[in-house]
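S.K.: Submitted below is the structure of interest, expressed as structure tokens.
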Amino acid sequence: MSDKIANLVRAIRLYLKIKEPVQTSLNWQTVLAIYSIWIPIIAMMYWWVFFMNFHSDYFAIAYNLDDIFLILFKKSVKFGFAILINLFIAWIFLFRNTLREIRRIIMILIGVSIMCGVCKSESFSYSYLAVLLGLTTAVTIIFILYDKGAIYGYSLVFGLFLFLSAKTDAQHAHHNIGKYSIISDRGEVILDKNDENRYYVGYTSQYIMVFDKEKSILEKYDKRRLR
């Protein structure tokens, strides 16, 4: 009997803990400070992972601070479109349904659908998609229902997103070989689109990147010296 009472007490305590009001206050200065440090780090991580897939060291051959803004702009544009679309959907539902529980469910669905839309636009594999959606769902549920401090969890979500995006972009560059001709400002042919051993794989803020399959090296060419 005493064991049953003890179990009942534990169940009641757990229930009351779940029903505690959501933490509504956040120190936004701390949030901004942490993200201001973390976001540039994961942007650099993107380039490091991307170059690593071509047997090269980004920090040794192409490092430039402007690359932070380049990759964040390229990736955040997709998030921006997804957020706008979902905010419009949220506006329709949130103004028609005033129940708190319904609003929470809608916001959770919005968070997950934003990540789903962006992942699909990045052509992620199903395994990458499942991992990101699982993490996004967990963080969003905790943030909306239990603890606003879970906002820091989105830093992990975006970090994982950029890591998987770098691997995916590199895989696409390897398998979907782009046929481009690149000519210098002096008229020298740097890359012929019919070349079977060398192909264009992408660009940074300063360089155009070409991969040589035979030598297994990544070549860089200054954009300012190209046509």
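S.K.: Of the numbered conditions (1) at pLDDT 55 or above; (2) surrounded by fewer than 14 Cβ atoms within 10 Å (Cβ to Cβ); (3) hydrophobic (A, V, I, L, M, F, W, C), Trp47 satisfies every one except a single condition; which is it?
M.R.: Unmet condition: (2).
S.K.: Just checking, which of Val157, Val210 is under 21 Å from Phe73 (Cβ atoms), open to solvent by less than 40 Å² (accessible area, probe 1.4 Å) and in contact (Cβ under 8 Å) with a residue 24 or more places away in the chain?
M.R.: Val157
S.K.: Given the condition of a type in the set (Val, Ile, Thr) and at pLDDT below 80, answer yes or no: does some residue in segment 178-189 qualify? Spell out how you get there, then give the answer.
M.R.: Within segment 178-189, the subset of a type in the set (Val, Ile, Thr) is 182-183, 189.
This time we only want the ones that are at pLDDT below 80, so: none.
No, segment 178-189 has no match at all.
S.K.: Suppose the filter is at pLDDT below 80, over 23 Å from Thr136 (Cα atoms) and of a type in the set (A, V, I, L, M, F, W, C); does Leu26 pass it?
M.R.: Numbers: at pLDDT below 80: yes; over 23 Å from Thr136 (Cα atoms): no; of a type in the set (A, V, I, L, M, F, W, C): yes.
It is false that Leu26 is at pLDDT below 80, over 23 Å from Thr136 (Cα atoms) and of a type in the set (A, V, I, L, M, F, W, C).
S.K.: Moving on. Return the pair list, or none, for Cβ contacts closer than 8 Å from residues in segment 50-64 that are more than 21 Å from Gly159 (Cα to Cα) to residues that are surrounded by fewer than 13 Cβ atoms within 10 Å (Cβ to Cβ) and not acidic (Asp, Glu), at least 6 apart or on different chains.
M.R.: The qualifying pairs are His55/Ser216.
S.K.: Looking at (1) among the basic types (Lys, Arg); (2) at pLDDT below 75; (3) in a helix (DSSP H, G or I), find the lone condition where Arg104 falls short.
M.R.: (2)
Let's see how each residue does on (1) closer than 29 Å to Ser121 by Cα; (2) at pLDDT 90 or above:
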| position | (1), (2) |
| --- | --- |
| Phe143 | yes, no |
| Tyr154 | yes, no |
| Asp169 | yes, yes |
| His175 | yes, no |
| Asp195 | no, no |
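S.K.: Only one of Ala82, Ala62 is closer than 30 Å to His174 by Cα, buried (at least 17 other Cβ atoms within 10 Å of the Cβ) and modelled with pLDDT under 80; which? Step through it out loud before you land on a result.
M.R.: On the way: Ala62 fails: modelled with pLDDT under 80.
Answer to the check: Ala82.
S.K.: Also, quick follow-up: Can you find even one residue in segment 65-86 that is among the aliphatic types (A, V, I, L, M), in contact with a Gly (Cβ under 6 Å, 6 or more places away or on another chain) and in a helix (DSSP H, G or I)? Steps first, answer last, please.
M.R.: Taking segment 65-86 as the starting set, the residues that turn out to be among the aliphatic types (A, V, I, L, M) are 65, 68, 70-72, 77, 82-85.
Going one step further and asking which of them are in contact with a Gly (Cβ under 6 Å, 6 or more places away or on another chain), we end up with 82.
From what is left, the residues that are in a helix (DSSP H, G or I) are 82.
So far as segment 65-86 goes, yes, one or more of its residues are among the aliphatic types (A, V, I, L, M), in contact with a Gly (Cβ under 6 Å, 6 or more places away or on another chain) and in a helix (DSSP H, G or I).
S.K.: Here is a follow-up. Of all residues in segment 122-147, which are more than 21 Å from Arg103 (Cβ to Cβ) and in a helix (DSSP H, G or I)?
M.R.: Matches in segment 122-147: Tyr126, Ser127, Tyr128, Leu129, Ala130, Val131, Leu132, Leu133, Gly134, Leu135.
S.K.: Moving on. Those residues that are surrounded by fewer than 17 Cβ atoms within 10 Å (Cβ to Cβ), under 25 Å from Leu32 (Cα atoms) and in contact (Cβ under 8 Å) with a residue 40 or more places away in the chain, I need them from segment 110-151; list them, please.
M.R.: Listed by number, the residues that qualify are Leu145, Tyr146, Asp147, Lys148, Gly149, Ile151.
The values are calculated or read from the model by the stated rules, or taken from the named source; none is laboratory data. Please read these numbers as outputs of a predicted model, since none were measured by experiment. Don't worry about glycine lacking a Cβ; one is built from the backbone with ideal geometry, like all the others, and counts go over all protein chains shown. Surface areas here come from the heavy atoms of the whole protein model, side chains and all, with no ligands, DNA or RNA. Shrake-Rupley method; radii C 1.70, N 1.55, O 1.52, S 1.80 Å.
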